[in-house]
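Visitor: My questions will all concern the structure given below.
Only the coordinates and a few stated rules stand behind these numbers; no lab work does. These numbers were taken from a predicted model, which means no experiment stands behind them. Cβ: placed from backbone, ideal geometry, glycine included. Neighbour counts: every protein chain shown.
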Amino acid sequence: MEKLFSPWRLRYIASDRRRIRGCVFCRAVKGRDDRANLVLYRGRSAFVILNKYPYNNGHLMIVPDAHLPTLHDAPAATLAEMMALAVRCESALQAIYRPTGINLGMNLGRSAGAGIEGHFHLHLVPRWDGDTNFMTVVHGTRVIPEALASTYRRLRPLLAGAGGDGGLPAGAAATPGRRRRGSGRRR
Ligand SMILES: [Zn+2]
């Protein structure tokens, strides 16, 4: 399972032409092959997807189904579901990767660094002490020791096994028990 994304950023930039042809998130919403599209979980109005060009192992994104450029455009229920999914993702990442920290963040608009403009999304990036090492700083490269397929296999049961309640309403997704089968437990 050794995988070296080096230089991973170049691959990302090289894919720019494809991205312009359409929105990868909208394609994922409409797609039928969740595994191929790296979709880990589908809620009612938002979904969880692995980042194809991860900053770290377990780099997830929570994305509304609708193509929305700003938070302001999103229904309150969608925003609430996204935060509930963040709770679920946090638990899944903790259970599998035992990170010592997790970055959550959004890049709204090009100047903020949005890779996919027009369809906002929330990043979750697990962090470990010392994970920003000399390779990242000096060479702009990132060593990703785990293959995406492996990340997908490990995380999907924890997210998908949590039942179809989509993380809504707030609290429902955070409540162990009901339709959750063991592996999806949070605590
Ligand atoms: Zn879109």
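Visitor: Which distance in nm do the two modelled labels at Thr70 and Arg44 give, with both placed 7 Å along the Cα-to-Cβ direction?
Guide: 2.6 nm
Visitor: Among Arg110, Arg42, which comes first, second and so on when ranked by fewest other beta-carbon atoms within 10 Å?
Guide: Listing Arg110, Arg42 from fewest to most nearby Cβ atoms yields Arg110, Arg42.
Visitor: Please list 3J(HN,Hα) in residue order for the range 107-113, calculated via the Karplus relation 6.51 cos²θ - 1.76 cosθ + 1.60 where θ = phi - 60°; whole Hz, with x for glycine and proline.
Guide: Values per residue, Gly and Pro as x: 10, 9, x, 4, 5, 7, x Hz.
Visitor: Still on this structure: Using the basic label-point model (7 angstrom from Cα toward the beta carbon), what is the Met83 to Asp33 distance in nanometres?
Guide: Rounded to a tenth, the inter-label distance reads 3.7 nm.
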